[in-house]
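Any read-out appearing in this document is the output of simple, stated calculations on the displayed coordinates, not a laboratory observation. Worth saying up front: this structure is predicted, and the values here are computed from it rather than measured. For neighbour counting, all protein chains shown are included, and Cβ atoms are generated from backbone atoms with ideal geometry for every residue, glycine included.
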Amino acid sequence: MHCFIIVALTADGFIGRDVAHNSTRWTSKEDAAWFNQRSKQAGAVVMGRATYDTINKPLPDRVTIVYSRDADEARLVKNQSKLEKNQIYYTQAKPKDLLNKLDELGFNEVAICGGSSIYTMFMQAGVTDKLYLTVEPVLFGDGIKLFNKKLNIKLKLKSVKQLSSQTILLEYIVD
Ligand SMILES: NC(=O)c1ccc[n+]([C@@H]2O[C@H](COP(=O)([O-])OP(=O)(O)OC[C@H]3O[C@@H](n4cnc5c(N)ncnc54)[C@H](OP(=O)(O)O)[C@@H]3O)[C@@H](O)[C@H]2O)c1
């Protein structure tokens with residue numbers, strides 16, 4: 001099972017101004033196209049409830065899995081025998097347990113789509129094998145960081161792609 005983080009960053013390293021800030025308000029159309037293409041390829045996206053609240057609908061053509069401690073038992077991933085696209089499911093599982101369950105359900109890859117608490121949890125759990133960072137030409141000065149706890153992780157830069165004249169996509173392998 002492959003698990004990658006996919007995120008857009010300001011040039012000063014933030015992922016949002018505050019918890020309610022919808023990323024599509026400041027990221028480029030090229031990043032949106034990249035995000036849609038890569039996350040559809042994975043088939044399943046995982047996000048925290050705060051990030052989900054900024055979107056408020058399941059992502060089309062993908063299975064959307066939301067971390068929340070306040071979830072309907074019947075919609076928990078652990079209670080499913082099949083996950084349908086265009087639907088929302090919930091989880092409270094440890095990253096490794098969620099990935100094992102998704103593997104059992106036939107997924108090969110999952111896209112970790114934020115926010116900070118979910119990116120941090122998956123990175124700390126040691127289950128993430130790749131990071132896709134889109135750098136946008138914007139500065140917030142202050143805001144929500146990509147990770148919110150101490151980490152000591154080495155990365156290998158695999159590729160650098162220009163999504164447009166303004167936007168760069170960095171692909172890192174987690175060492
Ligand atoms: N730039 C980007 O690419 C990008 C991508 C994604 C998000 N963002 C930004 O990130 C910000 C939100 O990040 P955030 O860290 O504040 O919030 P978040 O990670 O999106 O969501 C936090 C919520 O997730 C749930 N949660 C977290 N850990 C859990 C666990 N172990 N078990 C069960 N539920 C758990 C809790 O929901 P309950 O309160 O319901 O229990 C918690 O309140 C927003 O500004 C958003 O725009 C940016």
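Amide hydrogen proximity for V63: with H placed 1.01 Å from N in the peptide plane, the residues at 5 or more positions away or on another chain lying under 5 Å are A44, V45, N86.
Can you compute the helix-only [θ] at 222 nm over the chain? Use -39500 (n - 2.57) per DSSP H run of at least 4 residues, normalise by all residues, nearest 500 deg cm²/dmol. Mind showing how you got there, number by number?
On the way: 4 runs with 40 residues, N = 175.
The per-residue figure over the chain is -6500 deg cm²/dmol.
Projected onto the charge dipole of the stretch 2-174 (+1 at Lys/Arg Cβ, -1 at Asp/Glu Cβ, origin at the Cα centre), which of A50, A93, L151 gives the Cα projection farthest towards the positive end? Among A50, A93, L151, the one farthest towards the positive end of the dipole of the stretch 2-174 is L151.
Relative contact order of the stretch 6-120: 30 percent, from C-alpha pairs under 8 Å at least 6 residues apart in sequence. Legend: distances between Cα atoms for K101/K149; K101/K161; K57/K85; K40/K82; pairs beyond 23 Å are K101/K149; K101/K161.
Where both partners of a DSSP beta bridge lie in the stretch 2-174, what percent of those bridges are antiparallel, to the nearest 5? Numbers along the way, then the final one.
Working: 15 of 38 bridges.
For the stretch 2-174, the DSSP antiparallel bridge percentage is about 40.
Annotation: amide H of L76 within the under-5 Å range of Y90, sequence separation 5 or more or interchain, hydrogens built in the peptide plane. Remark on L163: its backbone amide H falls under 5 Å from those of I168, L169, a criterion applied only to residues 5 or more positions apart or on other chains, H modelled at 1.01 Å from N. Placing unit charges on the Cβ atoms only, positive for Lys and Arg and negative for Asp and Glu, gives the chain a dipole magnitude near 180 debye about its Cα centre. For the stretch 47-175, the relative contact order is 20 percent, taking Cα pairs closer than 8 Å that sit 6 or more residues apart in sequence and dividing their mean separation by the residue count. Of all segments of the chain bounded by trypsin sites (Lys or Arg not before Pro) found in a DSSP loop with no more than 14 other C-beta atoms within 10 Å, the longest spans 1-68.
Need one number: the % of Cα-Cα pairs in the chain sitting beyond the 21 Å mark. Value for the chain (Cα pairs over 21 Å): 45 percent.
Please work out whether the stretch 11-65 counts as rounded, prolate or oblate from its C-alpha gyration tensor, where a ≥ b ≥ c are the square roots of the eigenvalues and a/c under 1.5 means rounded, while otherwise a/b larger than b/c means prolate and anything else oblate? Kindly include the intermediate steps, with their values, before the conclusion.
Values: a/c = 2.07, a/b = 1.27, b/c = 1.64.
Oblate, because a/c is 1.5 or more while a/b does not exceed b/c.
Any idea how far the Cα center of the stretch 123-157 sits from the one of the stretch 10-72, in Å? Cα centroid to Cα centroid, the span is 15 Å.
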